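Notes follow the structure.
The values are calculated or read from the model by the stated rules, or taken from the named source; none is laboratory data. As the structure is a computational prediction, the values presented were derived from the model and not from experiment. Because the Cβ atoms are built from the backbone with ideal geometry, glycine has one as well, and the counts that use them run over all protein chains shown. Just the protein is used for accessible areas: all its heavy atoms, side chains included, with ligands, DNA and RNA removed. Shrake-Rupley method; radii C 1.70, N 1.55, O 1.52, S 1.80 Å.
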Amino acid sequence: MYIAASALFWGVSATLGRAAFTGRLAFFSSNLRPLDPLILSQCRTTLSLLVLVPILLTRRSAGSLMMPRSDLFRCLTIGVLGVAASNYFYYLAIQRTNVAVAIVLQYTAPVWVLLYMVARKLQRPTLLRISSVALAVVGCGLVIQLIGPGHWNVDMLGVGAAILASFSFAFYNIGGHGILAIHDRWKVLLWVLAGASAVWLLLNPPWNIVGRYSGAEWIFMLVFALVSVMGPFSCYFAGLQYLEPTSAVVVSCLEPVFSIVLAAMFLRETVGPLQILGIVVVLAATVLVQLPEKGRREELAILEPIE
């Protein structure tokens with residue numbers, strides 16, 4: 001229930017992001033102009049941090065939110081190379097292609113995690129895992145129309161951005177598991193968001209932002225931050241208390257389904273029969289690649305992206 005709710009939150013945020021990039025938010029207010037993926041990525045991270053800090057400080061002391069310097073550096077690095085990078089490339093992919101292509105290609109991250117684990121000899125290249133990688137590749141080919149009849153008319157920059165988002169998502173997972181085994185999830189989220197917010201402030205300082213957006217646009221960005229970060233992570237963390245990691249991953253695969261259905265309902269985005277088949281194949285590969293081997297514990301369960 002909680003995991004499904006988090007998937008719905010992220011599905012809504014993907015649809016809102018696409019609407020923001022294409023100018024369709026003007027339907028709600030004439031003051032809502034098309035937004036750039038950079039500003040949406042920056043503001044959702046920074047505004048989420050500004051909301052999270054006072055909430056945590058009302059429940060904990062400032063000292064309890066600190067961590068050793070090495071762990072703090074790891075969190076900040078995950079925030080920069082994992083969260084900030086995956087957010088930007090994911091939203092750029094949504095802007096350049098559509099919700100279906102962007103989210104399905106990002107969901108190939110478990111494949112990259114698996115290849116990393118096999119290369120480090122932390123997992124064995126079993127037949128199931130090799131088959132899962134092959135399935136994911138075929139599914140992606142169907143989604144971006146590289147396989148099947150017709151012309152490949154998907155924006156190549158958008159496809160490349162989605163693949164980079166999946167790499168960043170994989171890095172976020174590989175780096176995040178070790179730190180989450182040591183520290184509380186909310187503390188980790190706090191410093192990860194701090195790292196992402198810091199890099200955005202360097203790349204796009206406040207004086208480039210202040211005065212450029214209307215009150216309605218700031219309200220939208222605040223709502224977007226709550227819908228895409230605070231709401232889903234609250235549900236996801238709560239759900240993890242009742243589900244094993246693999247079960248949580250299976251349920252969280254509802255996110256692409258919700259995203260694609262909502263985009264079709266409210267943005268009139270369509271996908272062809274072969275693309276639907278590709279989506280199903282990629283999601284099946286995502287689940288299979290994370291199934292634990294018989295008689296062995298799970299080495300690395302995939303975390304949810306901060307989308």
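Tabulated data for the structure shown
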quantity: Verdict on Phe233 being part of a helix (DSSP H, G or I) and either open to solvent by 40 Å² or more (accessible area, probe 1.4 Å) or modelled with pLDDT under 80 (or both); calculated: yes
quantity: Every residue from region 85-113 that is at pLDDT 90 or above, farther than 23 Å from Leu201 by Cβ and open to solvent by 60 Å² or more (accessible area, probe 1.4 Å); calculated: Arg96
quantity: Subset tally (residues that are modelled with pLDDT under 75 and open to solvent by 50 Å² or more (accessible area, probe 1.4 Å)) for region 125-147; calculated: 3
quantity: Helices (runs of 4 or more DSSP H) within region 80-169 that include 2 or more residues free of Cβ contacts under 8 Å to residues at least 40 places away in the same chain and not aromatic (Phe, Trp, Tyr); calculated: 109-119, 127-143
quantity: Cross-chain or 6+ apart pairs with Cβ under 7 Å, region 199-227 first and closer than 30 Å to Leu8 by Cβ, then open to solvent by less than 80 Å² (accessible area, probe 1.4 Å) and among the charged types (D, E, K, R); calculated: Met221/Arg44; Phe224/Arg44; Ala225/Arg44
quantity: Residues (part of a helix (DSSP H, G or I), farther than 19 Å from Ser234 by Cα and of a type in the set (A, V, I, L, M)) located in region 50-76; calculated: Ala62, Leu72, Leu76
quantity: Of all residues making up region 262-279, the number that are surrounded by 15 or more Cβ atoms within 10 Å (Cβ to Cβ) and in a helix (DSSP H, G or I); calculated: 10
quantity: Residue under evaluation Glu244, criteria (1) at pLDDT below 80; (2) closer than 30 Å to Thr46 by Cβ; (3) open to solvent by 30 Å² or more (accessible area, probe 1.4 Å), criterion not met; calculated: (2)
quantity: Members of region 178-221 found to be at pLDDT below 90, of a type in the set (Val, Ile, Thr) and either at positive phi or surrounded by fewer than 15 Cβ atoms within 10 Å (Cβ to Cβ) (or both), listed by number; calculated: Ile182, Val210
quantity: Neighbours by Cβ (under 7 Å, 6+ apart or cross-chain): first from region 172-198, closer than 11 Å to Gly82 by Cβ; second at pLDDT 85 or above and not in a helix (DSSP H, G or I); calculated: none
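Condition check ((1) among the β-branched types (Val, Ile, Thr); (2) at pLDDT 95 or above; (3) open to solvent by less than 30 Å² (accessible area, probe 1.4 Å)) across all residues:
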position: Ser30; (1), (2), (3): no, no, no
position: Arg33; (1), (2), (3): no, no, no
position: Leu38; (1), (2), (3): no, no, no
position: Ser41; (1), (2), (3): no, no, yes
position: Thr45; (1), (2), (3): yes, no, yes
position: Gly63; (1), (2), (3): no, no, no
position: Met67; (1), (2), (3): no, no, yes
position: Val83; (1), (2), (3): yes, no, yes
